[in-house]
Every structure is written in C-alpha cells, then in structure tokens.
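Trainee: Quick one: structure below, then a few questions.
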Amino acid sequence: MEKDLYEILGVQKGADEATLKSAYRKIAMKDHPDKNPGDDKAELRFKEASAAYDTLKDPQKRAAYDRFGHAAFNGGMGGGAGGAGMSGGAQGFHGFDFGNGASFTDIFEDVFGDVFSGGGRGRGGQQGYRGNDIATSISITLEEAFNGKEATLKVPIQQTCDVCDGSGAKKGTKPETCGVCQGAGRVRASQGFFTVERTCSTCGGAGQVIKEPCTSCHGQGRKRKEKTLEVNIPEGIDEARRIRLSGEGEAGLQGGASGDLYVEIRVKPHRFFRREDSDLRTRVPIGISKAALGGTFEVPTIEGGRAEVKIPAGTQNGQQFRLKGKGMSILRSSSRGDMYVDIFVETPVNLNKDQEKILKELDDSMTGKKNSPESEGFFDQAKKFWEDLTK
C-alpha cells in the first residue's frame with residue numbers, strides 16, 4: 001500500500017505552502033544522505049519526502065492527488081506524470097518524479113534558497129563581487145576627542161587597477177565568456193539519483209576567463225595602494241567607537257561594489273584627566289594645612305582654561321568635589337559632563353627640626369575625638385577588641 005503524501009511530510013491535508021515547505025525542510029535537514037552516510041532508511045525517508053513535496057507544492061499535481069490519490073499518477077486517470085516511476089529506494093512512489101525533468105538542486109533551491117546552490121543558478125560573474133570591509137584605527141588626544149577634528153588617514157588597500165579599469169584583462173582586450181559554463185559560473189553533473197551543481201572550475205565561478213591578463217595587476221583587477229582619506233571625528237567621541245566610511249574599503253571585483261572602511265578610535269591617556277563616559281576625574285594633592293584649614297586652589301580644564309575649587313576646613317583624604325558642566329562633550333549633544341576633583345591629602349616629608357617641633361606641639365595640643373574623631377574612634381575600638389579577647 002502506497003503511503004499518504006501528507007503523512008510522509010507530517011502535515012494536515014489542508015496545509016498551506018509555507019507549512020509544506022517548513023515540514024520538508026526539517027526532514028531534509030535530518031535525513032539528507034550527506035548527514036547519514038550508509039543509512040538506507042534515512043535515504044529512503046529523504047527520497048520519499050522529496051517526492052511528496054515536489055508533488056504537493058505544485059497546485060495542479062496537488063489537486064489531482066487530493067481527488068484521485070496515487071491513481072492520478074499511475075496511469076489510467078490522466079495527469080501529467082503518466083507512469084514515470086522512481087527507481088531505487090522509492091519504488092512505492094510510482095509517477096512521483098522531480099517534476100518534468102527538474103533536478104534535485106531545483107528542489108533544494110526552492111526550499112533553501114541560496115544555501116545549497118551557492119548563490120543562485122546562473123549567477124556567474126556578471127553581478128560582480130563586493131569588496132571586503134577593512135578595519136583600521138587612529139589615535140587621538142583627549143582634547144581632540146573633546147573638540148572633534150578632521151583627521152587625515154592613510155590606509156594601504158586593494159584599489160581598482162587604473163590600467164585595466166578593474167577588468168583584469170590586458171589593455172585593449174576584455175574578458176571572454178567561459179566556454180564550459182557559458183557564463184553561468186556553475187556547472188551541473190548527474191550522479192545517479194541526484195543532479196549536483198558546482199562552481200565552474202575553469203572560471204572559478206566568475207563566468208568569464210581572461211586570456212591576456214593585465215600586466216599591472218596580473219589579472220586581479222585590483223592593486224594594493226595607499227589611500228588618503230579625510231575622517232571627520234565628532235565632538236565627544238569615546239574610546240573604541242567605530243566610524244564607518246561607506247564604500248571606502250577594498251574595491252569589488254568584476255564591477256562589484258567596494259566594501260566599507262571602519263575606523264576605530266583610540267584615545268591616548270591624559271596627564272591630568274581620567275575619563276568616565278562623559279565625566280572627567282582628576283586627582284589633586286593638597287597639603288595637610290590646607291586640608292585642615294580649608295581654602296581654594298585652581299585646576300586645569302579640558303578646554304585649556306582654569307577652574308577654582310573651594311574646599312572646607314577639615315577636608316579629608318578621598319573626598320571629591322564636582323565641577324558641573326566641566327567634563328567631556330557629549331556625542332551629538334550640546335550638553336557636557338561633569339568634572340570630579342578627588343582630594344589626596346599629602347603627608348609632609350623631609351621635615352627640619354623646627355618643623356618637627358611645631359608638629360609635635362600641634363599633636364600634643366589635640367584633644368582626642370574632638371580633633372581626630374576617626375582615628376581616636378578606631379583605637380578605642382581596637383582597645384576594646386583586645387580586652388574582649390582576654391576575658
């Protein structure tokens with residue numbers, strides 16, 4: 001008894017075209033002979049599914065099958081397939097061939113698109129090949145990232161040969177249509193049950209052959225040359241940001257479009273500032289007297305100016321002060337980030353005897369927690385900790 005075509009694909013009788021295609025694709029991916037070498041059962045399931053799909057995807061064949069079943073194709077009921085049967089492992093499918101001489105490649109191209117056909121039948125070299133994208137980098141200062149700039153970039157890159165204009169053929173000649181694939185770039189060969197499509201080995205898929213190569217580019221149609229470009233670096237650009245220059249990558253082949261050039265931004269370390277997104281940080285050392293008494297000092301700003309910072313008496317090491325709007329430019333915005341001043345209280349060194357005497361008198365005059373609450377508090381806790389250990 002011959003199997004029902006809908007059951008083979010695992011779909012309902014009223015399934016639409018998309019459902020049929022999806023069901024066949026799953027079976028083909030699972031049971032394809034290339035994935036199951038030596039598995040006769042998988043090969044049979046694959047052939048059955050291929051024959052079933054080839055019939056049901058055709059509206060006329062499907063209508064005939066829905067009305068008369070397998071009899072529509074076994075002769076005596078009319079119908080296009082006559083008695084053409086399948087050989088080998090698909091004997092149960094009399095009359096269900098791959099559709100009026102269509103190859104196995106045709107079915108796969110219909111279901112999988114270019115995945116199995118390598119870019120489509122008859123593609124050849126007429127459509128050309130897009131050039132590769134290229135990546136490079138440029139180093140700028142933090143000030144340049146803040147202000148933006150026009151930078152000149154020199155990149156060695158494959159460019160269209162100016163002698164043969166990219167054809168690869170000697171000046172005065174031109175490429176000829178490949179005599180093997182007739183310009184298609186691909187050839188078909190029958191291998192038993194299958195018809196396999198491959199890239200033409202004579203022209204390498206180009207569809208054309210060059211009898212007399214260009215002496216400048218040796219038939220490549222491109223030459224590596226240094227290209228000079230102007231790059232617009234916008235205000236506020238950040239480290240590792242990429243700028244895309246459309247069409248400035250490698251030249252295409254056989255009339256294909258050029259690739260793109262990607263320029264990665266590298267920002268050099270700065271002697272004063274550390275960047276955090278749109279904000280800036282700077283570390284400012286101050287003397288112990290200024291930290292204790294308070295006061296003002298000036299710090300540089302990224303635009304080259306000065307900003308005054310006022311600190312209160314008793315400023316501690318590690319405290320930070322914000323200067324609003326003194327940070328980096330923000331990309332594609334008129335706003336700016338902030339600048340943070342981190343205080344580092346510097347302990348004096350290399351004291352002379354008079355200075356040591358003054359500091360000693362100052363230390364003796366300190367009244368514990370009133371003047372040094374954190375240090376006194378720490379040592380009080382340490383003393384209690386040791387006392388608890390001895391209990």
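Trainee: Using θ = phi - 60° and the Karplus form 6.51 cos²θ - 1.76 cosθ + 1.60, what ³J(HN,Hα) does each residue of the stretch 7-14 get, whole Hz, x for Gly and Pro?
Mentor: 5, 4, 7, x, 10, 6, 4, x
Trainee: On the protein heavy atoms, probe 1.4 angstrom, tell me the percent of accessible surface of the stretch 295-359 carried by carbon and sulfur.
Mentor: Ligands and nucleic acids excluded, carbon and sulfur give 46 percent.
Trainee: Return the distance in nm (one decimal) between the two label points of a simple spin-label model at Asp364 and Asn317, each offset 7 Å from Cα along Cα→Cβ.
Mentor: Distance between label points: 2.6 nm.
Trainee: Continuing with this model, one more query. Quick one: check the C-alpha center-to-center distance for the stretch 283-321 versus the stretch 160-231, whole angstrom.
Mentor: About 69 Å separates the Cα centre of the stretch 283-321 from the one of the stretch 160-231.
Trainee: Turning to a different aspect of this structure: Collect residues whose amide H, placed 1.01 Å from N in the peptide plane, falls under 5 Å from the amide H of Gly148; neighbours closer than 5 in sequence don't count.
Mentor: Gly236
Trainee: Skipping prolines and chain starts, which residues have an amide H placed within reach, meaning under 5 Å, of the one on Arg241, given they are 5 or more residues away or on another chain?
Mentor: Excluding prolines and chain starts, which carry no amide H, the hits are Ile265.
Trainee: Once you've got the Cα coordinates, tell me which of Lys353/Lys383; Lys326/Lys369; Lys290/Lys370; Lys290/Lys324; Lys310/Lys353 are over 28 Å apart.
Mentor: Lys353/Lys383; Lys326/Lys369; Lys310/Lys353
Trainee: May I pose another question? Taking 0.36 nm per residue of separation and subtracting the Cα-Cα distance, what length does fully extending Asp354 through Tyr129 add?
Mentor: Extra length from Asp354 to Tyr129 when fully extended: 72.7 nm.
Trainee: Local charge sum around Ser333 (other residues, Cβ-Cβ under 15 Å, Lys/Arg +1, Asp/Glu -1)?
Mentor: -2
Trainee: Let me ask something else. Please list, in chain and number order, the residues 5+ apart from Arg186 or on another chain whose amide H is under 5 Å from its amide H, with Hs placed from the backbone.
Mentor: Gly122, Gly124, Cys200
Trainee: Let me ask another. Can you figure out the FRET efficiency of Asp380 with Arg306, using R₀ = 41 Å and their beta-carbon distance, to the nearest 0.05?
Mentor: With R0 = 41 Å, the Cβ-Cβ based efficiency is 0.40.
Trainee: Report ³J(HN,Hα) in whole Hz for each residue of the stretch 236-249, in order, from the Karplus equation J = 6.51 cos²θ - 1.76 cosθ + 1.60 where θ = phi - 60°; Gly and Pro get x.
Mentor: Calculated HN-Hα couplings, in order: x, 5, 10, 4, 6, 5, 10, 9, 9, 10, 5, x, 9, x Hz.
The values are calculated or read from the model by the stated rules, or taken from the named source; none is laboratory data. Small disclaimer: the values here were computed from a predicted structure and weren't measured. Using ideal geometry, Cβ is built from the backbone for each residue, glycine included, and neighbour counts are taken over all protein chains shown. Note: accessible area is taken over every heavy atom of the protein model, side chains too, but ligands, DNA and RNA are not part of it. Shrake-Rupley method; radii C 1.70, N 1.55, O 1.52, S 1.80 Å.
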